[in-house]
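Heads up: the structure comes next, in structure tokens.
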Amino acid sequence: MTNGDVSAKQVRAAIIGAGHFAYRVHIPVLQARPEVVLDSACRIGADDLGLIRDEFGFAFASEDWRDVLARDIDIAVIATPHHLHFEQAMAFLQKGCHVLVEKPMCLDSQEAWALVSKAEEVGRELLVSYGWHYKPGLKKARDLLGRIGKVEHVLCHMGSFTRSVFAGSGGSSRWDHIRIQPEPETWQNADAGGGFAFGQLSHALGLLFWLTDLRCESVGAITLDAPNRIDLHDAAVTRFDNGATGVFSGTCGVPQGHGFELDIRIYAESGSILIDIETERMILKLPDGSSEDHSVPAGTWAYSCEGPANALVDVALGKDSNESPGHVGARAVETLHALVTSARAGGSATPIKLMKG
């Protein structure tokens, strides 16, 4: 078991859920770090597990994630289907690992905050796989918010090209060349967190709750669902804990060949901020009629997710801070859980029992 005294030259890593995204992003990022030893890989499916073990040179591979708990490791990436995250992340935190968990970090509010509490208890970092948090220029929005006073209204929208993920093959044509393909069951099981809200709107909520200290107190929502009962399009209203109002919107209806849409507009007592990820604009508007353009060069905010895995290594080495902490993921989970609960109940407002934050 790890003792927390990680050598600056060696961090032993485990991947739990070595599926499409871990294969495409997390494992190559870790492999590229000279400080990292790829110790353990776990996934269901012996053939794909063997492929990953041999391609990346893992020392150990198993289809049972519990086998990995016996290994001497320092960091763990949890990239299994959503409904498995809690049990697995909790086990590796208890083991003494720093843990990176895919978003959504789990499906239940109590479980989300239990993971946050466990990480604090054992003195380890819990990171959530939010790629935009590590992009240059976005943290600037926090400074701008400090200039415009109390937040009074928020608009938060996420659109993506993922209809086939939720109501089709489970993948996208842009990923056809990748040897390990997404598993449709991960995204299309309504009883295990399938659907756009948990699968994609979680990106936008993660960004909102990273930039602000807001928490939702209640959510009322309606969704347009596919025949498999998972949500394709989401519309919700919320009341935040500071009294502010908010609107959340999500859609998988962006046509193939186009990128992500992620828009956040924050209206406060003394100004407003527009953040448009697709067009890479950040605009501050002030009461005197002036505005400030804090936009970034083209390509700066194009989505990629190398940041979280690199941050996982860095926090294990004591080198850097966690820009996608568990409390941000937990605020997203409590909001998403309320959104889905409300939609299934016909749209009535669903209160959120605010636990430790």
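Coordinate-derived values only; no laboratory data. Model, not experiment: these values are computed from the prediction. FYI the Cβ positions are ideal-geometry reconstructions off the backbone, even for glycines, and counts take in every protein chain you see.
Quick notes
- Sorted largest first, the principal axis extents computed over the alpha-carbon atoms of region 281-357 equal 47, 44, 24 Å.
- Formal net charge of residues neighbouring residue 169 (Cβ-Cβ distance under 11 Å; K, R +1; D, E -1): -1
- Assigned charges on the beta-carbon of Lys, Arg, Asp, Glu; the chain dipole about Cα centre (debye): 360
- Gaussian network model of the chain, Cα within-10 Å springs - most flexible of 283, 264, 75: 283
- Taking the number of Cβ atoms within 10 Å of each Cβ as an exposure proxy, the fewest-first ranking of 303, 267 is 303, 267.
- Each Lys and Arg contributes +1 and each Asp and Glu -1, all at the Cβ; summed about the Cα centre of region 158-281, the dipole is approximately 160 debye.
- Sorted by Cβ density within 10 Å, fewest first, the residues 38, 100: 38, 100
- Distant-in-sequence amide contacts of residue 37, defined by a placed amide H-H separation under 5 Å and a gap of 5 or more residues or a different chain, comprise 11, 12, 13.
- For q = 0.27, 0.28 Å⁻¹, Debye-computed log10 I/I(0) when each Cα of region 147-198 counts as one equal scatterer: -1.08, -1.12
- Mean Cβ count within 10 Å, highest first, over the residues of peptides 182-189, 324-331: 324-331, 182-189
- Projecting the Cα atoms of 32, 223, 101 onto the charge dipole of the chain (Cβ charges, centred on the Cα centre) puts 223 farthest toward the positive pole.
- Point-charge dipole on Cβ atoms (K/R +1, D/E -1) for region 32-85, about Cα centre, debye to 20: 140
- Cα centroid separation, region 216-284 to region 133-197: 11 Å.
- Charge sum, other residues only, whose C-beta stays under 14 Å from residue 141's C-beta, Lys/Arg counted +1 and Asp/Glu -1: 0
- Neighbour-count ranking [beta-carbon atoms within 10 angstrom, fewest first] of 105, 90, 355, 158: 355, 90, 158, 105
- Estimated distance in nm for a label pair at residue 122 and residue 54, the labels positioned 7 Å out from Cα along Cα-to-Cβ: 3.4
- Lysine pair count for the chain [Cα-Cα under 15 Å; pairs on different chains or 8 or more apart]: 5
- Listed peptides 115-123, 286-294 by packing density, highest first (mean Cβ within 10 Å): 115-123, 286-294
- 15 Å beta-carbon shell around residue 239, net charge (K/R +1, D/E -1): 0
- For region 34-45, 3J(HN,Hα) per residue [Karplus equation, 6.51 cos²θ - 1.76 cosθ + 1.60, θ = phi - 60°, Hz, x = Gly/Pro]: x, 7, 9, 10, 7, 7, 9, 10, 9, 6, 7, x
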